[in-house]
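A quick write-up on the structure given underneath.
The values are calculated or read from the model by the stated rules, or taken from the named source; none is laboratory data. Note that the structure is a prediction, hence the values are computed from the model and not measured. No Cβ is skipped: glycine too gets one built from the backbone with ideal geometry, and neighbour counts run over all protein chains shown. The area values use the complete protein model at the heavy-atom level, side chains included, leaving out ligands, DNA and RNA. Shrake-Rupley method; radii C 1.70, N 1.55, O 1.52, S 1.80 Å.
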Amino acid sequence: MIVYQKNKADFLDDTFKRNIEEVVLSEFTLRTGRRVAESEVRSWKESLLSVAKVLNDEEIPGDSGVAIEYNIPQTGKRVDFMLAGKSDAHGECIVILELKQWSSVKKTDKDAIVITQYAGREIECSHPSYQAWSYASLLENFNEAVHEGGISLFPCAYLHNYEPDGVITHKAYEPHLAKAPVFLKGEEEKEKLRRFLKQYVKYGDTTTLIVRLDGAKIRPSKGLVDSLLSMIKGNEEFVLVDDQKVVYEDALSIGRRVVRGGAKDSKQVLIVEGGPGTGKSVVAINLLVALTNLGLVSKYVTKNAAPRAVFESKLVGSLRRTAISNLFSGSGAFTNSEEDDFGALVVDEAHRLNEKSGLYGNLGENQIAELIRASKYTIFFIDEDQRVTLKDVGTKDEIVRLAKAAGAKVKQLELSSQFRCNGSDGYLAWLDNSLQVRETANEKLDTSEFDFRVIDSPIKLRDLIVEKNRSNNRARMVAGYCWDWVSKRNPTKPDVVIPELGFEMTWNLTRDAGLWIIASESVKEIGCIHTCQGLEVDYVGVIVGDDFVIRDGKAVTRPEKRSKHDRSLKGIKTLAKSDPKEAKRWADLIIKNTYRTLMTRGMKGCFVYFTDKETEAFFKTRLIINGKPEAATNESVFAASAATIVPFTRLDPAKAKPYKNCVPLIDLKFAAGAFSEIQSMDEAENIWVSLPKMFRPTPGLFVAQVVGESMSRRIPNGAWCLWKTNPVGSRQGKVVVAEHRSISDSDYGGAYTVKVYHSKKKAAAEGEWKHEQIRLSPDSLDPGYAEFVFNAGDADLRIVAELVAVL
C-alpha cells in the first residue's frame with residue numbers, strides 16, 4: 001500500500017502551495033481509516049519540506065514518480081520516500097530515502113548500531129544506512145517487479161537536521177554507507193543528494209514504476225524451517241530489520257564479553273520479549289550460529305518437541321546425527337548439568353518452561369534455574385501470553401529472580417516488528433481485545449489489513465484450507481482441545497466430530513506428530529496447540545470449541561469443556577478446591593492464550609469457525625469488511641466462498657414486477673483478477689430476483705456475481721453484488737465494471753474487469769480540469785495483481801457499471 005503517490009511536480013505543488021503534511025494525513029486516513037500521532041505529522045512537515053527543497057531542481061524530471069509511506073508487504077515497515085524514473089546506465093530505477101530528523105548520534109562498537117535520542121531518552125537503533133539498505137533488501141528478495149522485473153533499487157538516508165561531525169559517517173559504518181550513503185544538513189550535502197538522485201533518475205517515470213512495484217506479485221516468504229540448513233552453515237538467509245538487528249547485535253556483544261572472560265562477566269542472562277511473528281526464532285537461530293562461531297559451545301533449547309522435530313528433520317542427510325543432537329535439546333535435559341557446562345544456551349519459547357522435568361515430572365528442581373546454572377550465557381526468548389498449560393512457569397519475573405539468585409547479570413530487550421499476520425500489529429491488538437486477554441483500542445478489525453474471516457461451517461473451513469494448501473503445503477487446520485483423542489486406540493474412528501453438521505477429522509497426534517506442520521498429507525488432519533506452537537503457516541483455519549464462549553459481550557472460559565485427554569489443565573480441579581479464584585485465573589489465562597496462539601500461526605490469513613453461535617455473532621460485529629462495520633446477521637461475507645450463499649430470492653416470472661419488486665440477475669461472472677468466460681451486458685435478461693429490504697428496486701440496478709481475488713479487500717471471491725448501470729458523476733475511488741478490448745488474461749481472456757477507478761487530472765483553460773490518465777486498480781489481499789492504465793481519450797474504454805453494495 002502507498003499512502004501518497006504522485007509525480008514530482010505535483011509533490012512540489014502540494015509542498016510549497018499547500019500543507020504537505022495535511023495532504024499526506026488525509027491520504028493516510030482515507031487509505032487506513034486510522035489517525036497518526038501529532039509527532040509523525042510534524043515529522044512529515046519538516047522532512048518532506050526538506051526533500052522538496054532538494055527536488056526543486058529542473059534537472060530532476062517533473063514527471064518522475066514520488067511515493068510517500070510505502071508499506072512493505074507482509075511486514076509492518078514503511079518506506080519514508082521513493083523517487084522513480086530512468087537512468088542511462090541502470091534502466092528503471094527507484095531511489096529509497098530513509099528520512100531522519102536526528103541532530104546527533106553516539107557511536108557503538110556493535111555492527112550498524114547507533115545511539116540516538118527518542119522521546120527524551122537515549123535508545124539504540126540501526127544506522128540509517130543499514131535501515132534503508134534492509135528495506136531495499138526486503139523488496140529485492142520478495143517483490144517480483146524488483147527481483148525479476150528489471151527495477152533497480154538504490155537506498156540512501158537523508159538526515160536534514162544533522163550537522164556533519166564524523167560520527168554518523170565513522171569508518172566503522174563504512175560497509176553500510178557504501179550500500180546506502182547518508183546525506184546530512186547543509187547546502188553542500190543537499191547538492192550531494194541531488195547528484196545522487198540525478199544519477200538514477202535522469203528521465204521521468206513513464207511506465208508507472210511505483211505502481212508496478214506496489215502491484216507486483218510477492219514471492220513466497222522465506223520460512224525458517226526451509227532456510228535452516230543454510231543458516232546453520234553461516235549463510236545470511238534473513239535480513240534482520242530494525243529491532244531484530246538491535247537485539248541480535250546486543251546479544252552478540254554480550255557473547256563477546258563472555259568469551260573474553262572476567263569476573264564481572266562470569267554469568268550472563270538476556271531476556272528477549274516478543275509477540276507472535278516478531279522474529280524470535282529467526283534471531284535465535286542466527287545467534288546459535290554466531291555464538292558457536294565465537295567459540296562458545298552452544299545449544300538451541302525448546303520445551304516444545306514439535307519445533308525441534310521439524311528443525312532436525314531438515315538437517316538429516318546434511319549433518320551427522322551427533323552434530324544435530326549437539327545443536328538441539330529439550331529443556332529437561334539439564335537436570336544433572338554442572339555449572340557452566342555450556343558457553344551459551346539459546347532458549348526459545350521460554351514461556352513453556354516447567355519446574356520439573358522427566359516423563360513423570362519428577363526430575364530436577366526448576367528448568368529455568370538449571371538452564372542458568374548450566375551455561376555461562378543464557379538467552380531466553382519469551383512471550384508470556386503463550387503460556388498454555390498449568391505447568392508453564394516461564395515468566396520474566398521468575399527468570400530475573402532465579403538469574404539474580406545465581407549471581408548472573410541480567411538484561412532485558414524487546415522485539416516488536418511484526419512479520420507474521422501480514423505485518424499487522426493491529427490484528428494482534430484486536431485479537432487480544434476480542435479474546436479479552438487485555439484491553440486495547442482496537443475494537444474493530446479492518447480485514448483489508450489482514451485476511452481474517454469467520455466461516456459459518458467447519459466443512460467450508462476445511463475446504464478453504466485444503467484449497468489454500470494446494471500451492472505450497474502451507475495451510476493447516478487446528479482446534480482447541482475440546483474433543484477426545486479417540487483414534488489413539490481406534491485409528492479408524494475420527495476425533496473432532498460435529499455430527500449435526502456432518503463434520504469429522506482426526507487429530508494429528510498419531511502418524512506425523514511433531515512433523516505434522518510440514519508432512520505432505522497432514523492437511524487431512526487437524527492440529528492442536530502442542531504440535532503447532534513455535535511454528536507458522538501461510539493460512540491457518542481454527543475451530544474454537546465450547547471452552548471459549550461470549551455471553552452478553554463477556555468472554556467466558558469453560559475448562560470442563562476441554563477433553564479429558566488434555567493435560568494442559570491438569571491440576572485445575574485440585575487448585576479450585578483450595579483457591580477457586582486462582583484456579584479461574586489460570587483457566588482464563590490458559591484457554592485464552594491457547595486460542596491467541598492458534599489464531600496467530602498464519603502469516604497471511606486466519607479463518608475461524610466457532611462452535612458457539614453467540615460467540616460467532618460477537619466476532620462478526622467486530623469486523624470491518626469492504627470499509628464498513630458488518631452486522632452479525634450478514635452471513636455471506638464470512639463464508640469461505642460466497643458462491644455457495646444466495647443473498648436474494650429468485651421470483652417466479654408470473655410474480656415478477658421488474659424494478660418494482662425485483663431487478664435482473666445477469667448471468668455474468670465478472671473477471672475480478674481470475675478472468676472467466678462472460679456474456680454481453682446487452683443481452684436480454686429473464687431472471688428476476690428480489691433484493692434485501694434495505695434496497696429499493698429501481699431501473700438500472702442489477703445483481704451479478706464477482707469471481708477472483710483481485711478485489712478481495714472489498715469483494716470476496718464469489719460474492720453477489722448490486723450494481724448500477726451507466727453511472728454518471730465522479731467515479732474517483734469507486735468500484736466499477738470496465739470494458740476494453742485490451743483487458744485480457746492468458747488463461748481465460750475476456751474484456752471485462754472489476755477494479756477501483758482512478759483518474760489523473762490536469763488543469764485546463766479557464767480554471768477547469770480534464771482527464772489525462774485513467775487507472776483501474778486492484779484492491780486485493782494478494783499483492784500480485786497489476787492495474788490497467790489507459791489514456792483518458794481511449795474510445796474503447798467503457799465504464800459499464802458502478803458498485804452499489806456487496807449483498
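May I ask you to compute the full-extension gain from T108 to R798, defined as 0.36 nm times their residue separation minus their alpha-carbon distance, rounded to one decimal in nm?
So the chain would gain 242.3 nm between T108 and R798.
To the nearest 0.05, how large is the calculated FRET efficiency for N472 and Q436 if R₀ is 45 Å and r is the Cβ-Cβ distance? Before the final figure, lay out each step's value.
Values: r = 34 Å, r/R0 = 0.77.
Calculated value: 0.85.
Could you look at the chain and say what percent of its accessible area is carbon and sulfur, using a 1.4 Å probe and all protein chains?
C and S fraction of accessible area: 48 percent.
HN-Hα J couplings of the range 351-367 from phi, Karplus 6.51/-1.76/1.60, θ = phi - 60°, integer Hz, Gly and Pro as x?
My calculation for the range 351-367 gives 5, 8, 5, 10, 6, 8, 10, x, 4, 9, x, 10, 10, x, 10, 7, 4 Hz in order.
Quickly rank 552-565, 316-329 as a protection proxy: mean count of other C-beta atoms within 10 Å, highest first.
The densest-packed peptide leads the list: 552-565, 316-329.
Specify, per residue and in Å³, the volume enclosed by the convex hull of the alpha carbon atoms belonging to the chain.
Dividing the Cα hull volume of the chain by its residues yields 191 Å³.
Does the range 14-172 come out rounded, prolate or oblate by the C-alpha gyration tensor, with a ≥ b ≥ c the root eigenvalues, rounded set by a/c under 1.5 and, if not, prolate when a/b is larger than b/c and oblate if not?
In terms of gyration-tensor shape, rounded.
Please sort by residue number the trypsin sites (Lys or Arg not before Pro) in the range 467-504 whose DSSP state is loop and whose Cβ has at most 16 other Cβ atoms within 10 Å.
R470, R489
Among W133, I94, L184, whose Cα sits farthest toward the positive end of the charge dipole of the range 92-188 (+1 at Cβ of Lys/Arg, -1 at Cβ of Asp/Glu, about the Cα centre)?
Checked the options; the winner is L184.
Once both labels are modelled 7 Å past Cα along the beta-carbon direction, what's the E38-D13 spacing in nm?
Label at E38, label at D13, 3.2 nm between them.
Arrange the peptides 532-540, 7-15 so that the one whose residues have, on average, the most other Cβ atoms within 10 Å appears first.
532-540, 7-15
Give the residue list of GluC sites (Glu not before Pro) in the range 307-339 that are DSSP loop and have at most 12 other beta-carbon atoms within 10 angstrom.
Details: sites: E312, E338, E339; in loops: E338, E339.
Qualifying residues, ordered by number: E338, E339.
For the chain, give the share of DSSP beta bridges that are antiparallel, in percent and rounded to the nearest 5; count only bridges with both residues there.
Roughly 55 percent of the DSSP beta bridges within the chain come out antiparallel.
Once the mean 1/r over all distinct Cα pairs of the range 348-415 is inverted, what Kirkwood radius in angstroms do you read off?
About 12.4 Å, per the Kirkwood formula over Cα pairs.
Can you check what the Kirkwood hydrodynamic radius comes to for the range 158-197, Cα pairs only, in Å to one decimal?
On the way: mean 1/r = 0.0956 Å⁻¹.
Answer for the range 158-197: a Kirkwood hydrodynamic radius of 10.5 Å.
Of all the Cα-Cα pairs you can form in the range 51-135, what percent are over 15 Å apart?
68
Compare the Cα positions of N304, G364, L402 along the charge dipole of the chain (+1 at Cβ of Lys, Arg; -1 at Cβ of Asp, Glu; about the Cα centre) and return the one farthest towards the positive end.
G364
Work out how much length E521 to S730 would gain on full extension: take 0.36 nm times their residue separation and subtract the Cα-Cα distance, in nm to one decimal. Provide the component values of the computation, followed by the final result.
Working: separation 209, 0.36 × 209 = 75.24 nm, distance 5.16 nm.
Taking E521 through S730 to full extension adds about 70.1 nm, to one decimal.
Send over the semi-axes of the range 258-317's equivalent ellipsoid, whole angstrom and largest first, taken as the square roots of 5 times the C-alpha gyration tensor eigenvalues.
After scaling each eigenvalue by five and taking roots: 25, 16, 10 Å.
Which FRET efficiency, nearest 0.05, do R585 and E140 yield, Cβ-Cβ r, R0 56 Å?
0.70
How long are the three semi-axes of the equivalent ellipsoid of the range 138-287, in whole Å, if each is the root of 5 times an eigenvalue of the C-alpha gyration tensor, listed from largest down? Spell out each step's value before the answer.
Numbers: eigenvalues 238, 134, 29 Å².
Taking √(5λ) for each eigenvalue gives 35, 26, 12 Å, largest first.
If a/c stays under 1.5 just call it rounded; otherwise compare a/b with b/c (prolate if a/b is bigger, oblate if not). Do that for the range 273-392, with a ≥ b ≥ c from the square roots of the Cα gyration tensor eigenvalues.
The shape class here is rounded.
To the nearest 20 Debye, how big is the dipole of the chain about its Cα centre, given +1 on the beta carbon of each Lys and Arg and -1 on that of each Asp and Glu?
Rounded to the nearest 20 debye, it is 1760 debye.
In whole Å, what are the extents of the range 309-363 along the principal axes defined by its C-alpha atoms, from largest to smallest?
Projected onto the principal axes, the Cα atoms of the range 309-363 cover 35, 24, 19 Å.
Scan around I543 for amide H atoms under 5 Å from its own, H built in the peptide plane at 1.01 Å from N, and keep only partners 5 or more places away or cross-chain.
Close amide H contacts, sequence-distant or interchain: V478, A479, G480, Y609.
Find how many whole Å separate the alpha carbon centroid of the range 427-466 from the alpha carbon centroid of the range 523-591.
One Cα centre to the other: 17 Å.
Given the Cα-Cα distance of T206 and R696 and 0.36 nm per residue of separation, how much length would full extension add, in nm?
That pair, T206 and R696, stretches by 171.9 nm at full extension.
Rounding to the nearest 20 debye, state how big the charge dipole of the range 146-278 is about its Cα centre with +1 on each Lys and Arg Cβ and -1 on each Asp and Glu Cβ.
320
Per residue, what accessible area does the chain have, given a 1.4 Å probe and all protein chains present, in Å²?
On the way: 34800 Å² over 807 residues.
With all protein chains present, the chain gives 43 Å² per residue.
Using DSSP to call loops (not H, G, I, E or B), can you name the GluC sites (Glu not before Pro) in the range 97-181 whose Cβ has at most 14 other Cβ atoms within 10 angstrom?
Those that pass, being in a loop and sparsely packed, are E148.
For the chain, what is the relative contact order in percent, using Cα pairs closer than 8 Å and at least 6 residues apart in sequence?
Answer for the chain is 9 percent.
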